[in-house]
Amino acid sequence: MQFADRLQNVETSAIRELFKLLGTPGIVSFAGGFPDSAMFDVDGIREASARALDEPGALQYGATEGYEPLRSQLSAFMATKGVEVAPQGLIVTTGSQQALDLIGKTLISPGDKVIVEGPTFLATIQCFRLYGAELVSAPIDADGVKTDELEALIQEHRPKFVYLIPTFGNPSGALLTRERRKKVLEMAVRHGTVIVEDDPYGDLYFTDAPPPPSLMAMTPEVPGSRELLVHCGSMSKVLSPGLRVGWMIAPPALLANAVMCKQFSDAHTSTFAQATAAQYLKSGRMPATLANVRKVYAERCRAMAESLRSELGGAITFTQPQGGLFFWARLTGANGGPTDASVFAKKAIEQLVAFVPGAPFFAANPDVSTLRLSFATADVARIQEGIARLAKAL
Ligand code: PMP
């Protein structure tokens, strides 16, 4: 079979190979990017889906833009996070993954430059490459993308857009500071550059106060920035990824083109899932659900930080994340320890513990000493056990 040329730009991820080993019995896995199924509010979703079934449109074809009651609920949900958006100002997508795909489909022509963070979400790298993007990697630190470097790259490469995960990035766990957020919006306006803000983790914060507002929430501070900003949200990490409910807020012209492309792709996101999500948001259970996931993940995050410090000591460095699902760490090679995370990953699997090496998350200049550890799915005791095993693999 002769496949399309565009497939030559992508390869199946190295991580997939590793995932095959995760079925090994007894393994403690820090490798996945999943939320913990034990934390899904099954009772709340059951009630919401029962009520959804009583709605006339829930089992019928629906509008490509999204199910109206859900668009209204999402508009209200975004308002609680400081974003003013009318129901017509957003579309519902089949997970935020589809929003990213629609952004690629509508904006990228082969050879276009797109700036992403180094490291960034692997599926985005693959998706944008599929559309022929040439990816440019902007360096980050624990405070998110380095804005001076980002601006220099924008000036040099004139990208079609910049893709950022400003709040608790996957895989970086990094949190873009408020000051840098403002700078990003200002440079967007200065250079007329579109910014895509991917925000599936913003609600998963472990501090008493929420993180800085999203870029979208800050657009009123920087005149002209709203017309250049695209925001992707998702129910996956806070409610359930199986529902496949995400959304995209964007300028009207982009939304219109995305809707056109979505028509050819899945016609619309499952009306039943949308009606269920709408009923769930309407039920008023979301604040308690969010409080619960924050509390549980915060405990696991703290446990992982403590275990990493006590068990691995100087062998790795990391910044303890303030939210999200991931630790991003770097092997130091101290005392003859490993420096290549893919070699270390194989030794770790022999000790029945798994994580993901960091190199594939870089669109360019991979740092082979980096690795990603998720603290989401193992409870505190399993985390302690897993990190102790990791120490044995050193
Ligand atoms: N963006 C980022 C940064 C992610 O980590 C994920 C999920 N791993 C997604 C988007 C896609 O999530 P979903 O399609 O489930 O909304």
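The values are calculated or read from the model by the stated rules, or taken from the named source; none is laboratory data. This one's a predicted model, so the numbers in the text were calculated from it and none came from an experiment. Cβ sites come from the backbone with ideal geometry, for glycine too, and all protein chains shown count toward neighbours. All accessible areas refer to the heavy atoms of the entire protein, side chains included, with ligands and DNA or RNA removed. Shrake-Rupley method; radii C 1.70, N 1.55, O 1.52, S 1.80 Å.
Largest first, the residues Val42, Val189, Val245 sort by 1.4 Å accessible area into Val42, Val189, Val245.
Accessible area per residue was computed with a 1.4 Å probe on protein heavy atoms; Met39 scores about 20 Å².
How much FRET efficiency would the formula 1/(1 + (r/R0)^6) give for Glu299 and Val10, where r is the Cβ-Cβ distance and R0 is 45 Å, rounded to 0.05? Don't skip to the end; give the middle numbers.
Numbers: r = 38 Å, r/R0 = 0.84.
Step by step, r from the Cβ atoms, then E = 0.75.
The H on the amide N of Thr93, modeled in the peptide plane, is under 5 Å from the matching H of Gly246, Trp247, Met248, each at least 5 residues off or on a different chain.
Using helices alone, what [θ] at 222 nm do you get for the chain, with -39,500 (n - 2.57) per DSSP H run of 4 or more residues, divided over all residues and rounded to the nearest 500? All intermediate terms of the calculation are to be shown ahead of the outcome.
On the way: 13 runs with 155 residues, N = 394.
So the calculated ellipticity at 222 nm is -12000 deg cm²/dmol.
The mean sequence distance of close C-alpha pairs (under 8 Å, at least 6 residues apart), as a share of the length of the stretch 60-284, puts its relative contact order at 28 percent.
Assuming a ≥ b ≥ c are the square roots of the Cα gyration tensor eigenvalues, decide whether the stretch 243-302 counts as rounded (a/c under 1.5), prolate (otherwise, with a/b larger than b/c) or oblate.
Details: a/c = 2.74, a/b = 1.99, b/c = 1.38.
The shape class here is prolate.
In the chain, what percent of the accessible surface is made up of carbon and sulfur (1.4 Å probe, ligands and nucleic acids excluded)? Intermediate results must be reported in sequence, preceding the final value.
Working: 8750 of 16540 Å².
For the chain, the apolar C and S fraction of the accessible surface comes to 53 percent.
Rolling a 1.4 Å sphere over the protein heavy atoms, what is the accessible area per residue of the chain, to the nearest Å²?
Values: 16540 Å² over 394 residues.
It amounts to 42 Å² per residue over the chain.
The phi torsions of the stretch 139-149, fed into the Karplus equation with coefficients 6.51, -1.76 and 1.60 and a -60° offset, translate into couplings of x, 10, 10, 4, 8, x, 5, 7, 5, 5, 5 Hz, rounded to whole numbers, with Gly and Pro shown as x.
Consider all pairwise Cα distances in the stretch 60-284 and report the whole-number % of them above 23 Å. Of all Cα-Cα distances in the stretch 60-284, 43 percent exceed 23 Å.
Please give the direction-averaged projected area of the C-alpha convex hull for the stretch 350-394, in square nanometres with one decimal. Each step should come with its number before you reach the end.
On the way: hull surface 14.4 nm².
About 3.6 nm², averaged over all directions.
For each pair in Lys20/Lys113; Lys81/Lys182; Lys105/Lys282; Lys146/Lys392, compute the distance between the two Cα atoms and list the pairs where it is over 26 Å. Each step should come with its number before you reach the end.
On the way: Lys20/Lys113 33 Å; Lys81/Lys182 17 Å; Lys105/Lys282 33 Å; Lys146/Lys392 35 Å.
From Lys20/Lys113; Lys81/Lys182; Lys105/Lys282; Lys146/Lys392, over 26 Å: Lys20/Lys113; Lys105/Lys282; Lys146/Lys392.
Proximity of backbone amide H atoms, modeled 1.01 Å from N, is registered between Gly169 and Ala174 at under 5 Å, excluding neighbours fewer than 5 places apart on the same chain. Pair-distance distribution P(r) for the chain, from all Cα-Cα distances in 10 Å bins starting at 0: 5, 23, 32, 27, 12, 1, 0 percent. Annotation: amide H of Val136 within the under-5 Å range of Val114, Ile115, Val116, sequence separation 5 or more or interchain, hydrogens built in the peptide plane.
Pop the C-beta distance of Arg178 and Met1 into the FRET formula with R0 = 51 Å and round what comes out to the nearest 0.05.
0.50
Against the empirical curve 2.2 N^0.38 Å, the C-alpha radius of gyration of the stretch 9-115 lands at a ratio of 1.48. Only Cα pairs under 8 Å and 6+ residues apart enter the sum, and on that basis the relative contact order of the chain stands at 24 percent. Heavy-atom accessible surface of Glu179, to the nearest 10 Å², is about 130 Å², with a 1.4 Å probe and all protein chains retained.
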